[in-house]
Amino acid sequence: MNTLCSFIEDLTVLEEQTELSDQQDLQAVERLADAFRRITHELHKVIVGQDEVIEQLLVSMFAGGHCLLVGVPGLAKTLMVRSLAESLSLEFNRVQFTPDLMPSDITGTEVIQEDRTSGAREFRFLAGPIFTNVLLADEINRTPPKTQAALLEAMQEHQVTAGGKRHKLQEPFFVLATQNPIEHEGTYPLPEAQLDRFMFQVFVDYPSADEEFDIVRQTTAPKQTSIEKVLSLDEILALQETVRRIPVADHVIRYAMQLARMTRRGKEQVPDFVQKYVSWGAGPRASQYLILGAKARAMLHGRLFVSTDDVRAIAAPVLRHRIVTNFNAEADGVTGDEIVRRISEVMAVNPALKAADAKLPQIFSKP
């Protein structure tokens, strides 16, 4: 009898804790959705338009990923990143990548320091600009692969190794790199291994005519705007933890997984256009980022559940830089974005089978 009463009490406590956890997560979702609106409002004080880019940057940051921004000069990429860091109360550092930049210029270096009292000498680590919350790697493709690789350990492990010692980076830590798509002379394309470390590749496009009119009017007037802080560092860390606790249905995970698998040439049930145009497809990290990004996007829009629509919305920035096209694609003008768009069309959701939690090869086959 005592054992039964103890079991009932434990079950009651567990139900109360679960309900409390759900309430806390719901409050976190509401707080992040409100912060999303306020951050967008603050950024629009200095940035005209670019709503989709701002959303993708926030999705990546709250999912704990890094972003590669691709766009021609003069589209306010640096201003956008700096303003975003300011609105989130994060420390910001900018490194201009050049051909003579060395890895130690980013990560830091050890120097010999002498104690004035004892005369003893010892090595002391001087931290580089990577020891920050938001690192803007400006024009990352202008530096050789050796220096580009200096970011790999920091991006993946959130630490820097120097002189045989590991130095942890402060959390949260984001790398937001920019790349100029129109200049190729004197540049060094990023290796596939490093591209795969970026959660999103975000295209920053030209503004519309109305947006460009507002840009010219605002930037040529004697008006200075200050960015208000919306979230604190501790709140960002708590929201990142909440993102990972968002529940995801099995059919959404299978949808994201199959979306990535259908980019792999030579695998089962791959469309003919993938076999024709793709050399290498996305790896398992793409499936992970599709789910993490979908969770963060759902929270930004005030939802405590993830749908396949969230996965489709971030499919292009997650997959476009993970798809390696071949000569046939280059000859026919087919890009990674085009491959992702065609795959999304092929994978149309059947609601009846989705409710039954069927396997994806049966769900996403179009006649």
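If you check F213, F173, which single one turns out to be out of contact with any strand residue (DSSP E or B) (no Cβ under 7 Å at 6 or more places or on another chain), surrounded by fewer than 17 Cβ atoms within 10 Å (Cβ to Cβ) and aromatic (F, W, Y)?
None of the others qualify; the one that does is F213.
Step by step: first the residues of the range 147-161, then only those that are small (G, A, S) and either closer than 14 Å to P129 by Cβ or modelled with pLDDT of 85 or more (or both), then the one that is surrounded by the fewest Cβ atoms within 10 Å (Cβ to Cβ). Which residue is that?
This residue is A150.
Considering only the range 150-193, state which residues are in contact with a helix residue (DSSP H, G or I) (Cβ under 7 Å, 6 or more places away or on another chain), polar (S, T, N, Q) and under 25 Å from L126 (Cβ atoms).
Listed by number, the residues that qualify are Q159, T161.
Return the residue satisfying two criteria in turn: it lies in the range 213-223 and is part of a loop (DSSP other than H, G, I, E, B) and not hydroxyl-bearing (S, T, Y), and of such residues it is modelled with the lowest pLDDT.
Residue satisfying both the conditions and the ranking: K223.
Evaluate the range 32-43: report whether one residue or more is in a loop (DSSP other than H, G, I, E, B) and either among the aromatic types (F, W, Y) or in contact (Cβ under 8 Å) with a residue 12 or more places away in the chain (or both).
Applying the first criterion (in a loop (DSSP other than H, G, I, E, B)) to the range 32-43 yields none.
There is no residue in the range 32-43 that is in a loop (DSSP other than H, G, I, E, B) and either among the aromatic types (F, W, Y) or in contact (Cβ under 8 Å) with a residue 12 or more places away in the chain (or both).
Among the listed residues N133, N141, identify the single one that is over 23 Å from E185 (Cβ atoms) and not acidic (D, E).
Sole residue among the options that is over 23 Å from E185 (Cβ atoms) and not acidic (D, E): N133.
One residue is enough: does the range 262-272 have a residue meeting the conditions outside the structural domain of E171 (by TED's automatic domain parsing), over 19 Å from the mean Cα position of the chain (by Cα) and on the phi > 0 side of the Ramachandran plot? Outline the logic, then answer.
Going through the range 262-272, the residues outside the structural domain of E171 (by TED's automatic domain parsing) turn out to be 262-272.
Subsequent filtering for residues that are over 19 Å from the mean Cα position of the chain (by Cα) retains 262-272.
Then drop every residue that is not on the phi > 0 side of the Ramachandran plot, which leaves 266, 269.
Yes, the range 262-272 contains at least one residue that is outside the structural domain of E171 (by TED's automatic domain parsing), over 19 Å from the mean Cα position of the chain (by Cα) and on the phi > 0 side of the Ramachandran plot.
Residue pairs, Cβ under 8 Å, 6 or more apart or interchain, first in the range 54-74 and closer than 22 Å to T132 by Cβ, second basic (K, R). List them.
Pairs found: V59/R297; A63/K295; H66/R197; L69/K77.
Does V59 fit the bill of being closer than 13 Å to L300 by Cα and outside any loop (DSSP other than H, G, I, E, B)?
So V59 passes the test.
Scan the range 88-109 and report the pairs whose first residue is outside the structural domain of A35 (by TED's automatic domain parsing) and whose second residue is assigned to a loop (DSSP other than H, G, I, E, B) and at pLDDT 85 or above, with Cβ atoms within less than 6 Å and a gap of 6+ or a chain change.
none
Per-residue answers, yes or no, for (1) surrounded by 13 or more Cβ atoms within 10 Å (Cβ to Cβ); (2) polar (S, T, N, Q); (3) more than 16 Å from the chain's Cα centre (by Cα); (4) under 25 Å from L233 (Cβ atoms):
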{"residue": "L43", "(1), (2), (3), (4)": "yes, no, yes, yes"}
{"residue": "V48", "(1), (2), (3), (4)": "yes, no, yes, no"}
{"residue": "Q56", "(1), (2), (3), (4)": "yes, yes, no, yes"}
{"residue": "V59", "(1), (2), (3), (4)": "yes, no, no, yes"}
{"residue": "H66", "(1), (2), (3), (4)": "yes, no, no, yes"}
{"residue": "P99", "(1), (2), (3), (4)": "no, no, yes, no"}
{"residue": "I106", "(1), (2), (3), (4)": "yes, no, yes, yes"}
{"residue": "R116", "(1), (2), (3), (4)": "no, no, yes, no"}
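Working only within the range 143-193, note down all residues that are under 20 Å from T78 (Cβ atoms) and part of a strand (DSSP E or B).
Within the range 143-193, F174, V175, L176, A177, T178, Q179 meet the criteria.
Quick one: which helices (runs of 4 or more DSSP H) sit completely within the range 224-307 and have at least 3 residues that are touching a residue at least 24 places away in the same chain (Cβ under 8 Å), touching a helix residue (DSSP H, G or I) at 6+ places or on another chain (Cβ under 6 Å) and crowded, with 17+ Cβ neighbours inside 10 Å? Explain how you work it out, then say what you get.
On the way: elements: 233-245, 250-261, 272-277, 284-300.
Correct list: 233-245, 250-261, 284-300.
The values are calculated or read from the model by the stated rules, or taken from the named source; none is laboratory data. Worth saying up front: this structure is predicted, and the values here are computed from it rather than measured. Glycine also receives a Cβ, built like all others from the backbone with ideal geometry; neighbour counts cover every protein chain displayed.
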